[in-house]
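To start, the structure under review is shown below, and the notes come after it.
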Amino acid sequence: LSERLQGTIAKIKGKGKVTEQDVKLMMREVRFALIEADVNLKVVKKFVKSVSERAVGSDVMQSLTPGQQVIKIVQEELTQLMGGEQSPVKFSTRPPTVIMMVGLQGAGKTTTTGKLANVLRKKYNKKPLLVAADVYRPAAVQQLQTLGKQLSIPVFDKGTDVSPVEIAREAIELAKEEHHDVVIIDTAGRLHIDEALMQELKDIRALKEPDEVFLVVDAMTGQDAVNVAESFNEAVGITGVVLTKLDGDTRGGAALSIRSVTEKPIKFVGMGEKMDALEPFHPERMAQRILGMGDVLSLIEKAQATVDADKAKELEEKFKTQSFTFDDFLDQMSQVKKMGPLEDIIKMIPGMNKVKGLDKMNFDDKQINHIEAIIQSMTIAERTNPEIINASRRKRISKGSGRSVQEVNRLIKQFDEMKKMMKQMSGLAGAPGAGKKKK
Ligand code: GDP
Ligand code: MG
(Lines give C-alpha, C1' and ligand atoms only; values in the text may rest on other atoms or scores of the structure.)
(Ligands and ions follow the chains in the order given, each with its own letter.)
Protein backbone atom coordinates (compact mmCIF):
# COMPACT_ATOMS: atom_id res chain seq x y z
CA LEU A 1 0.00 0.00 0.00
CA SER A 2 2.64 2.42 1.06
CA GLU A 3 4.90 2.09 -1.97
CA ARG A 4 2.28 2.91 -4.51
CA LEU A 5 0.92 5.83 -2.54
CA GLN A 6 4.38 7.15 -1.91
CA GLY A 7 5.09 7.15 -5.63
CA THR A 8 1.97 9.16 -6.29
CA ILE A 9 2.79 11.53 -3.52
CA ALA A 10 6.29 12.10 -4.83
CA LYS A 11 4.75 13.10 -8.13
CA ILE A 12 2.34 15.61 -6.73
CA LYS A 13 4.34 16.98 -3.83
CA GLY A 14 6.48 19.46 -5.68
CA LYS A 15 3.74 20.81 -7.87
CA GLY A 16 3.40 24.55 -7.80
CA LYS A 17 -0.01 24.36 -9.38
CA VAL A 18 -2.51 21.57 -9.15
CA THR A 19 -5.31 21.27 -11.65
CA GLU A 20 -8.50 19.31 -11.30
CA GLN A 21 -6.97 16.92 -13.76
CA ASP A 22 -3.99 16.38 -11.44
CA VAL A 23 -6.29 15.62 -8.56
CA LYS A 24 -8.25 13.18 -10.69
CA LEU A 25 -5.10 11.37 -11.71
CA MET A 26 -3.86 11.23 -8.18
CA MET A 27 -7.19 9.94 -6.93
CA ARG A 28 -7.06 7.22 -9.52
CA GLU A 29 -3.70 6.14 -8.16
CA VAL A 30 -4.99 6.34 -4.61
CA ARG A 31 -7.96 4.21 -5.56
CA PHE A 32 -5.70 1.58 -7.14
CA ALA A 33 -3.40 1.61 -4.15
CA LEU A 34 -6.28 1.08 -1.73
CA ILE A 35 -7.89 -1.68 -3.75
CA GLU A 36 -4.54 -3.36 -4.13
CA ALA A 37 -4.11 -3.19 -0.37
CA ASP A 38 -7.35 -5.08 0.03
CA VAL A 39 -9.40 -2.20 1.34
CA ASN A 40 -13.13 -2.72 1.14
CA LEU A 41 -14.51 -1.32 -2.10
CA LYS A 42 -17.28 0.69 -0.50
CA VAL A 43 -14.74 2.26 1.81
CA VAL A 44 -12.48 3.13 -1.11
CA LYS A 45 -15.30 4.86 -2.97
CA LYS A 46 -16.34 6.89 0.01
CA PHE A 47 -12.77 7.86 0.75
CA VAL A 48 -11.93 8.95 -2.77
CA LYS A 49 -15.10 10.96 -2.95
CA SER A 50 -14.47 12.90 0.21
CA VAL A 51 -10.84 13.60 -0.63
CA SER A 52 -11.72 14.74 -4.15
CA GLU A 53 -14.41 17.07 -2.91
CA ARG A 54 -12.05 18.76 -0.53
CA ALA A 55 -9.09 18.77 -2.88
CA VAL A 56 -10.69 20.59 -5.79
CA GLY A 57 -11.97 23.27 -3.46
CA SER A 58 -10.76 26.76 -4.26
CA ASP A 59 -8.75 27.08 -1.04
CA VAL A 60 -6.47 24.29 -2.09
CA MET A 61 -6.09 25.24 -5.71
CA GLN A 62 -5.17 28.78 -4.86
CA SER A 63 -2.81 28.00 -2.05
CA LEU A 64 0.91 28.29 -2.62
CA THR A 65 1.53 24.63 -2.02
CA PRO A 66 -1.46 22.87 -3.55
CA GLY A 67 0.37 19.57 -3.98
CA GLN A 68 1.15 19.45 -0.32
CA GLN A 69 -2.35 20.56 0.55
CA VAL A 70 -3.80 17.63 -1.35
CA ILE A 71 -1.47 15.26 0.46
CA LYS A 72 -2.47 16.78 3.74
CA ILE A 73 -6.12 16.18 2.90
CA VAL A 74 -5.39 12.55 2.01
CA GLN A 75 -3.64 12.16 5.32
CA GLU A 76 -6.46 13.78 7.27
CA GLU A 77 -9.10 11.69 5.58
CA LEU A 78 -7.12 8.50 6.18
CA THR A 79 -6.91 9.40 9.84
CA GLN A 80 -10.64 10.05 9.91
CA LEU A 81 -11.30 6.75 8.19
CA MET A 82 -9.50 4.96 10.98
CA GLY A 83 -11.46 6.68 13.68
CA GLY A 84 -9.70 10.01 14.05
CA GLU A 85 -8.42 9.67 17.55
CA GLN A 86 -6.88 7.00 19.66
CA SER A 87 -9.58 5.15 21.55
CA PRO A 88 -8.72 4.24 25.14
CA VAL A 89 -9.80 1.18 27.11
CA LYS A 90 -13.02 1.70 29.02
CA PHE A 91 -12.80 0.77 32.68
CA SER A 92 -15.77 0.11 34.91
CA THR A 93 -16.57 2.54 37.68
CA ARG A 94 -17.52 -0.53 39.71
CA PRO A 95 -14.64 -3.00 39.43
CA PRO A 96 -13.91 -5.50 38.23
CA THR A 97 -13.79 -4.30 34.67
CA VAL A 98 -14.70 -7.24 32.47
CA ILE A 99 -13.00 -7.60 29.11
CA MET A 100 -13.99 -10.38 26.73
CA MET A 101 -11.67 -11.49 23.98
CA VAL A 102 -13.47 -12.97 20.99
CA GLY A 103 -12.46 -14.01 17.51
CA LEU A 104 -11.66 -16.87 15.18
CA GLN A 105 -9.18 -19.59 15.98
CA GLY A 106 -5.60 -18.54 15.42
CA ALA A 107 -6.40 -14.84 15.34
CA GLY A 108 -4.29 -14.24 18.42
CA LYS A 109 -6.84 -14.14 21.26
CA THR A 110 -4.82 -16.03 23.83
CA THR A 111 -1.59 -14.22 23.01
CA THR A 112 -3.37 -10.86 23.11
CA THR A 113 -5.01 -11.72 26.43
CA GLY A 114 -1.54 -12.00 27.91
CA LYS A 115 -0.24 -8.89 26.20
CA LEU A 116 -3.24 -6.85 27.24
CA ALA A 117 -2.91 -7.89 30.86
CA ASN A 118 0.72 -6.85 30.67
CA VAL A 119 -0.16 -3.42 29.26
CA LEU A 120 -2.95 -2.83 31.76
CA ARG A 121 -0.70 -3.72 34.65
CA LYS A 122 2.22 -1.65 33.41
CA LYS A 123 0.47 1.42 32.12
CA TYR A 124 -2.68 1.55 34.24
CA ASN A 125 -1.45 -0.11 37.38
CA LYS A 126 -4.20 -2.72 37.19
CA LYS A 127 -4.26 -6.10 38.85
CA PRO A 128 -5.67 -8.38 36.18
CA LEU A 129 -7.06 -11.90 36.39
CA LEU A 130 -6.92 -14.01 33.25
CA VAL A 131 -9.68 -16.48 32.55
CA ALA A 132 -9.22 -19.64 30.51
CA ALA A 133 -12.65 -20.07 28.94
CA ASP A 134 -11.62 -21.92 25.82
CA VAL A 135 -12.56 -25.40 27.02
CA TYR A 136 -12.59 -27.11 23.66
CA ARG A 137 -8.86 -27.41 23.37
CA PRO A 138 -6.85 -28.48 26.44
CA ALA A 139 -3.83 -26.92 24.82
CA ALA A 140 -5.53 -23.53 24.91
CA VAL A 141 -5.87 -23.61 28.70
CA GLN A 142 -2.28 -24.70 28.98
CA GLN A 143 -1.17 -21.91 26.67
CA LEU A 144 -2.80 -19.26 28.84
CA GLN A 145 -1.34 -20.82 31.99
CA THR A 146 2.11 -20.62 30.47
CA LEU A 147 1.68 -16.96 29.55
CA GLY A 148 0.34 -16.25 33.03
CA LYS A 149 3.39 -17.81 34.64
CA GLN A 150 5.69 -15.93 32.32
CA LEU A 151 4.06 -12.62 33.29
CA SER A 152 3.36 -13.58 36.91
CA ILE A 153 -0.30 -12.82 36.38
CA PRO A 154 -2.83 -15.29 37.84
CA VAL A 155 -4.94 -17.43 35.54
CA PHE A 156 -8.37 -18.76 36.51
CA ASP A 157 -8.57 -22.30 35.19
CA LYS A 158 -11.28 -24.94 35.75
CA GLY A 159 -9.95 -27.42 33.26
CA THR A 160 -12.09 -28.35 30.31
CA ASP A 161 -15.08 -30.03 31.98
CA VAL A 162 -16.90 -26.93 33.15
CA SER A 163 -18.92 -24.75 30.78
CA PRO A 164 -17.31 -21.47 29.70
CA VAL A 165 -20.25 -19.50 31.08
CA GLU A 166 -19.81 -21.11 34.50
CA ILE A 167 -16.05 -20.48 34.40
CA ALA A 168 -16.58 -16.83 33.57
CA ARG A 169 -19.15 -16.47 36.35
CA GLU A 170 -16.88 -17.98 38.97
CA ALA A 171 -13.93 -15.95 37.75
CA ILE A 172 -15.80 -12.68 38.16
CA GLU A 173 -16.82 -13.72 41.70
CA LEU A 174 -13.24 -14.60 42.55
CA ALA A 175 -11.99 -11.32 41.14
CA LYS A 176 -14.29 -9.45 43.52
CA GLU A 177 -13.07 -11.46 46.49
CA GLU A 178 -9.42 -11.14 45.63
CA HIS A 179 -9.62 -7.55 44.44
CA HIS A 180 -8.62 -8.02 40.86
CA ASP A 181 -9.80 -4.87 39.15
CA VAL A 182 -9.72 -6.31 35.63
CA VAL A 183 -10.92 -9.69 34.39
CA ILE A 184 -9.85 -10.71 30.90
CA ILE A 185 -11.75 -13.65 29.47
CA ASP A 186 -10.02 -15.66 26.75
CA THR A 187 -12.85 -17.36 24.86
CA ALA A 188 -12.88 -20.17 22.33
CA GLY A 189 -12.60 -19.60 18.62
CA ARG A 190 -13.61 -21.60 15.61
CA LEU A 191 -12.21 -21.84 12.15
CA HIS A 192 -15.43 -20.35 10.89
CA ILE A 193 -18.21 -18.41 12.48
CA ASP A 194 -20.97 -20.69 13.74
CA GLU A 195 -24.20 -20.36 15.66
CA ALA A 196 -23.15 -22.41 18.71
CA LEU A 197 -20.10 -20.29 19.32
CA MET A 198 -22.03 -17.07 18.96
CA GLN A 199 -24.60 -18.33 21.45
CA GLU A 200 -21.88 -19.21 23.94
CA LEU A 201 -20.35 -15.76 23.63
CA LYS A 202 -23.74 -14.15 24.07
CA ASP A 203 -24.29 -16.20 27.24
CA ILE A 204 -20.98 -15.08 28.70
CA ARG A 205 -21.88 -11.53 27.76
CA ALA A 206 -25.16 -11.83 29.62
CA LEU A 207 -23.44 -12.67 32.93
CA LYS A 208 -22.25 -9.20 33.66
CA GLU A 209 -22.30 -6.69 30.88
CA PRO A 210 -18.64 -6.57 29.85
CA ASP A 211 -17.03 -3.16 29.71
CA GLU A 212 -15.19 -4.17 26.58
CA VAL A 213 -15.68 -6.93 24.04
CA PHE A 214 -12.53 -6.98 21.98
CA LEU A 215 -12.61 -8.72 18.67
CA VAL A 216 -9.17 -10.05 17.84
CA VAL A 217 -8.53 -10.24 14.10
CA ASP A 218 -5.55 -11.23 12.06
CA ALA A 219 -4.47 -8.30 9.88
CA MET A 220 -2.95 -10.70 7.38
CA THR A 221 -6.41 -11.92 6.38
CA GLY A 222 -7.30 -8.59 4.76
CA GLN A 223 -10.87 -8.41 3.46
CA ASP A 224 -11.77 -11.49 5.49
CA ALA A 225 -10.86 -9.68 8.68
CA VAL A 226 -13.43 -7.07 7.80
CA ASN A 227 -16.12 -9.67 7.12
CA VAL A 228 -15.34 -11.42 10.38
CA ALA A 229 -15.56 -8.12 12.22
CA GLU A 230 -18.92 -7.38 10.69
CA SER A 231 -20.31 -10.82 11.59
CA PHE A 232 -19.07 -10.78 15.17
CA ASN A 233 -20.35 -7.27 15.64
CA GLU A 234 -23.81 -8.23 14.44
CA ALA A 235 -24.02 -11.51 16.33
CA VAL A 236 -22.30 -10.74 19.63
CA GLY A 237 -21.71 -7.02 19.62
CA ILE A 238 -18.17 -5.78 20.01
CA THR A 239 -16.78 -2.59 21.51
CA GLY A 240 -13.40 -2.55 19.86
CA VAL A 241 -10.93 -4.38 17.70
CA VAL A 242 -7.41 -5.64 18.23
CA LEU A 243 -5.61 -6.05 14.95
CA THR A 244 -2.86 -8.64 15.29
CA LYS A 245 0.15 -9.61 13.20
CA LEU A 246 0.62 -6.15 11.84
CA ASP A 247 4.33 -6.86 12.09
CA GLY A 248 3.92 -9.41 9.32
CA ASP A 249 3.80 -8.97 5.60
CA THR A 250 0.35 -7.46 5.56
CA ARG A 251 -1.00 -5.04 3.02
CA GLY A 252 -2.69 -3.13 5.80
CA GLY A 253 -6.08 -2.84 4.16
CA ALA A 254 -7.90 -4.23 7.19
CA ALA A 255 -6.81 -1.31 9.34
CA LEU A 256 -8.44 1.05 6.88
CA SER A 257 -11.73 -0.78 6.41
CA ILE A 258 -12.63 -2.15 9.82
CA ARG A 259 -13.53 1.08 11.50
CA SER A 260 -15.67 2.36 8.73
CA VAL A 261 -17.49 -0.96 8.18
CA THR A 262 -18.18 -1.78 11.85
CA GLU A 263 -18.04 1.73 13.30
CA LYS A 264 -16.03 0.20 16.12
CA PRO A 265 -12.56 1.54 16.91
CA ILE A 266 -9.32 -0.37 16.57
CA LYS A 267 -7.93 -0.08 20.07
CA PHE A 268 -4.68 -2.01 19.88
CA VAL A 269 -2.37 -3.53 17.33
CA GLY A 270 -0.26 -6.64 17.77
CA MET A 271 3.27 -6.16 16.53
CA GLY A 272 4.82 -9.53 17.32
CA GLU A 273 4.58 -12.70 19.34
CA LYS A 274 6.26 -11.41 22.48
CA MET A 275 4.32 -10.22 25.49
CA ASP A 276 5.36 -6.58 25.06
CA ALA A 277 4.32 -6.41 21.41
CA LEU A 278 0.95 -4.72 21.85
CA GLU A 279 0.58 -1.04 21.05
CA PRO A 280 -2.30 1.40 21.28
CA PHE A 281 -3.65 2.16 17.83
CA HIS A 282 -3.11 5.75 16.74
CA PRO A 283 -5.06 6.56 13.56
CA GLU A 284 -2.93 9.56 12.76
CA ARG A 285 0.35 7.71 13.09
CA MET A 286 -1.00 4.82 11.08
CA ALA A 287 -2.03 7.19 8.31
CA GLN A 288 1.43 8.69 8.33
CA ARG A 289 2.96 5.27 8.22
CA ILE A 290 0.81 4.31 5.25
CA LEU A 291 1.82 7.45 3.43
CA GLY A 292 5.42 7.02 4.51
CA MET A 293 5.63 10.61 5.50
CA GLY A 294 7.55 10.59 8.72
CA ASP A 295 6.88 13.89 10.31
CA VAL A 296 6.41 15.60 7.00
CA LEU A 297 3.11 17.14 7.97
CA SER A 298 4.50 19.01 10.87
CA LEU A 299 7.21 20.18 8.52
CA ILE A 300 4.64 21.43 6.06
CA GLU A 301 2.71 23.15 8.78
CA LYS A 302 5.82 24.78 10.09
CA ALA A 303 6.76 26.00 6.67
CA GLN A 304 3.33 27.38 6.02
CA ALA A 305 3.32 29.21 9.29
CA THR A 306 6.67 30.86 8.75
CA VAL A 307 7.20 31.47 5.08
CA ASP A 308 5.80 34.78 4.12
CA ALA A 309 3.24 34.25 1.39
CA ASP A 310 3.99 37.40 -0.57
CA LYS A 311 7.69 36.73 -0.45
CA ALA A 312 7.13 33.26 -1.82
CA LYS A 313 5.09 34.60 -4.73
CA GLU A 314 7.75 37.13 -5.50
CA LEU A 315 10.38 34.39 -5.47
CA GLU A 316 8.34 32.26 -7.79
CA GLU A 317 8.28 35.13 -10.27
CA LYS A 318 12.03 35.47 -10.01
CA PHE A 319 12.47 31.78 -10.62
CA LYS A 320 10.59 32.17 -13.83
CA THR A 321 12.32 35.28 -15.06
CA GLN A 322 15.71 33.98 -13.91
CA SER A 323 16.38 37.17 -12.02
CA PHE A 324 17.18 35.37 -8.80
CA THR A 325 20.10 37.02 -7.04
CA PHE A 326 22.27 36.51 -4.01
CA ASP A 327 20.03 38.97 -2.19
CA ASP A 328 17.08 36.70 -2.83
CA PHE A 329 19.16 33.83 -1.65
CA LEU A 330 19.87 35.67 1.56
CA ASP A 331 16.18 36.34 1.97
CA GLN A 332 15.32 32.72 1.49
CA MET A 333 17.86 31.70 4.05
CA SER A 334 16.37 33.93 6.68
CA GLN A 335 12.97 32.36 5.95
CA VAL A 336 14.44 28.93 6.51
CA LYS A 337 16.04 30.12 9.70
CA LYS A 338 12.69 31.24 11.00
CA MET A 339 11.49 27.66 10.79
CA GLY A 340 13.73 26.68 13.65
CA PRO A 341 17.03 24.92 14.15
CA LEU A 342 18.18 23.36 10.90
CA GLU A 343 18.87 20.12 12.67
CA ASP A 344 15.24 19.74 13.73
CA ILE A 345 13.97 20.54 10.29
CA ILE A 346 16.21 17.98 8.63
CA LYS A 347 15.03 15.31 11.04
CA MET A 348 11.47 15.87 9.93
CA ILE A 349 12.23 15.02 6.31
CA PRO A 350 10.89 11.51 5.62
CA GLY A 351 13.55 8.87 5.44
CA MET A 352 16.12 11.14 7.01
CA ASN A 353 15.77 9.53 10.40
CA LYS A 354 16.90 6.31 8.80
CA VAL A 355 20.12 7.77 7.40
CA LYS A 356 22.97 6.41 9.45
CA GLY A 357 25.35 8.82 11.08
CA LEU A 358 23.05 11.75 10.50
CA ASP A 359 22.97 12.52 14.17
CA LYS A 360 26.73 12.87 14.18
CA MET A 361 26.76 15.28 11.29
CA ASN A 362 26.98 18.91 11.98
CA PHE A 363 23.85 20.67 10.89
CA ASP A 364 24.23 23.58 13.16
CA ASP A 365 23.00 26.96 12.19
CA LYS A 366 26.56 28.21 12.03
CA GLN A 367 26.66 27.10 8.43
CA ILE A 368 23.79 29.39 7.61
CA ASN A 369 25.49 32.21 9.43
CA HIS A 370 28.67 31.64 7.43
CA ILE A 371 26.79 31.78 4.17
CA GLU A 372 25.10 34.96 5.29
CA ALA A 373 28.45 36.47 6.17
CA ILE A 374 29.81 35.69 2.74
CA ILE A 375 26.86 37.17 0.89
CA GLN A 376 26.90 40.23 3.06
CA SER A 377 30.51 40.82 2.07
CA MET A 378 29.54 41.07 -1.58
CA THR A 379 28.83 44.38 -3.24
CA ILE A 380 25.37 45.05 -4.64
CA ALA A 381 26.72 44.57 -8.14
CA GLU A 382 28.19 41.21 -7.20
CA ARG A 383 25.00 40.04 -5.58
CA THR A 384 22.84 40.80 -8.58
CA ASN A 385 25.45 39.79 -11.10
CA PRO A 386 27.47 36.91 -9.66
CA GLU A 387 29.26 36.34 -12.99
CA ILE A 388 31.52 39.30 -12.29
CA ILE A 389 32.95 37.68 -9.16
CA ASN A 390 36.47 36.91 -10.32
CA ALA A 391 39.46 35.62 -8.36
CA SER A 392 40.42 38.93 -6.78
CA ARG A 393 36.84 39.67 -5.81
CA ARG A 394 36.62 36.23 -4.24
CA LYS A 395 39.69 36.99 -2.14
CA ARG A 396 38.21 40.26 -1.00
CA ILE A 397 34.90 38.59 -0.08
CA SER A 398 36.78 35.92 1.81
CA LYS A 399 38.65 38.51 3.85
CA GLY A 400 35.53 40.56 4.49
CA SER A 401 33.50 37.63 5.72
CA GLY A 402 36.24 35.85 7.59
CA ARG A 403 35.56 32.67 5.64
CA SER A 404 38.04 30.78 3.48
CA VAL A 405 38.28 31.31 -0.28
CA GLN A 406 37.25 27.67 -0.73
CA GLU A 407 34.04 28.36 1.14
CA VAL A 408 33.34 31.37 -1.03
CA ASN A 409 33.98 29.28 -4.12
CA ARG A 410 31.70 26.55 -2.90
CA LEU A 411 28.87 28.94 -2.25
CA ILE A 412 29.14 30.53 -5.68
CA LYS A 413 29.17 27.10 -7.26
CA GLN A 414 26.11 26.04 -5.28
CA PHE A 415 24.34 29.19 -6.31
CA ASP A 416 25.09 28.44 -9.97
CA GLU A 417 23.72 24.93 -9.58
CA MET A 418 20.62 26.28 -7.97
CA LYS A 419 20.03 28.69 -10.82
CA LYS A 420 20.42 25.88 -13.31
CA MET A 421 17.87 23.83 -11.40
CA MET A 422 15.46 26.72 -11.34
CA LYS A 423 15.78 27.08 -15.05
CA GLN A 424 14.72 23.48 -15.44
CA MET A 425 11.91 23.81 -12.95
CA SER A 426 10.46 26.94 -14.44
CA GLY A 427 10.70 25.27 -17.83
CA LEU A 428 8.37 22.61 -16.51
CA ALA A 429 6.02 25.04 -14.88
CA GLY A 430 5.62 26.84 -18.16
CA ALA A 431 4.73 23.68 -20.03
CA PRO A 432 1.38 23.60 -21.77
CA GLY A 433 -1.47 22.32 -19.66
CA ALA A 434 0.22 23.05 -16.37
CA GLY A 435 -1.79 26.19 -15.80
CA LYS A 436 -4.75 26.47 -13.51
CA LYS A 437 -8.04 25.47 -15.03
CA LYS A 438 -11.11 27.58 -14.47
CA LYS A 439 -14.27 25.72 -13.69
P1 GDP B 1 -6.06 -17.80 19.29
O2 GDP B 1 -6.39 -19.11 18.67
O3 GDP B 1 -6.95 -16.73 18.76
O4 GDP B 1 -6.03 -17.83 20.78
O5 GDP B 1 -4.59 -17.42 18.78
P6 GDP B 1 -3.21 -17.49 19.55
O7 GDP B 1 -3.13 -16.45 20.59
O8 GDP B 1 -2.96 -18.90 19.98
O9 GDP B 1 -2.20 -17.08 18.39
C10 GDP B 1 -2.03 -17.80 17.21
C11 GDP B 1 -0.62 -17.57 16.67
O12 GDP B 1 -0.45 -16.23 16.26
C13 GDP B 1 0.44 -17.82 17.71
O14 GDP B 1 1.51 -18.50 17.10
C15 GDP B 1 0.88 -16.42 18.14
O16 GDP B 1 2.21 -16.38 18.57
C17 GDP B 1 0.69 -15.67 16.85
N18 GDP B 1 0.45 -14.23 17.08
C19 GDP B 1 -0.49 -13.64 17.82
N20 GDP B 1 -0.42 -12.29 17.76
C21 GDP B 1 0.63 -12.00 16.95
C22 GDP B 1 1.22 -10.77 16.45
O23 GDP B 1 0.80 -9.65 16.77
N24 GDP B 1 2.29 -10.90 15.63
C25 GDP B 1 2.76 -12.12 15.25
N26 GDP B 1 3.80 -12.14 14.43
N27 GDP B 1 2.24 -13.28 15.67
C28 GDP B 1 1.18 -13.24 16.51
MG1 MG C 1 -6.55 -19.31 22.07
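The figures follow:
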| quantity | calculated |
| --- | --- |
| Of all residues in segment 319-331 being assigned to a helix (DSSP H, G or I) and farther than 11 Å from Glu372 by Cβ, the one that is modelled with the lowest pLDDT | Phe319 |
| Search result, residues across segment 161-190 that are within 15 Å of ligand 1 (Cβ to nearest atom) and surrounded by 15 or more Cβ atoms within 10 Å (Cβ to Cβ) | Pro164, Ile184, Ile185, Asp186, Thr187, Ala188, Gly189 |
| Count - residues of segment 112-145 that are under 25 Å from the mean Cα position of the chain (by Cα) and touching a residue at least 60 places away in the same chain (Cβ under 8 Å) | 6 |
| Restricting segment 120-149 to residues that are within 13 Å of ligand 1 (Cβ to nearest atom), of a type in the set (A, V, I, L, M) and part of a helix (DSSP H, G or I), the residue that is farthest from Phe268 (Cα to Cα) | Ala139 |
| The listed residue being among the acidic types (Asp, Glu) and on the phi > 0 side of the Ramachandran plot, out of Glu178, Glu263, Glu166 | Glu263 |
| Residue selected from segment 150-160 under the condition part of a loop (DSSP other than H, G, I, E, B) and either surrounded by 15 or more Cβ atoms within 10 Å (Cβ to Cβ) or touching a residue at least 60 places away in the same chain (Cβ under 8 Å) (or both), by the criterion nearest to ligand 2 (Cβ to nearest atom) | Asp157 |
| Qualifying positions in segment 210-227 - touching a residue at least 40 places away in the same chain (Cβ under 8 Å) and surrounded by fewer than 16 Cβ atoms within 10 Å (Cβ to Cβ) | Gln223 |
| Residues within segment 191-225 that are within 12 Å of ligand 1 (Cβ to nearest atom) and touching an Asp or Glu at 6+ places or on another chain (Cβ under 8 Å), tallied | 1 |
| Inter-residue pairs, beta-carbon under 8 Å, first within 14 Å of Phe329 (Cβ to Cβ) and in segment 410-430, second loosely packed, with under 15 Cβ neighbours inside 10 Å and modelled with pLDDT under 75, 6+ apart | Lys419/Gln322; Met422/Gln322 |
| Residue list for segment 84-120, restricted to those being within 13 Å of ligand 2 (Cβ to nearest atom) and of a type in the set (D, E, K, R) | Lys109, Lys115 |
| Within segment 150-173, considering residues that are in contact with a strand residue (DSSP E or B) (Cβ under 9 Å, 6 or more places away or on another chain) and among the charged types (D, E, K, R), the one farthest from Arg137 (Cα to Cα) | Glu170 |
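The values are calculated or read from the model by the stated rules, or taken from the named source; none is laboratory data. The structure presented is a predicted model; accordingly, all values stated were derived computationally and were not measured. Heads up, the Cβs are rebuilt from the backbone with ideal geometry, glycines too, and the neighbour counts pull from every protein chain shown.
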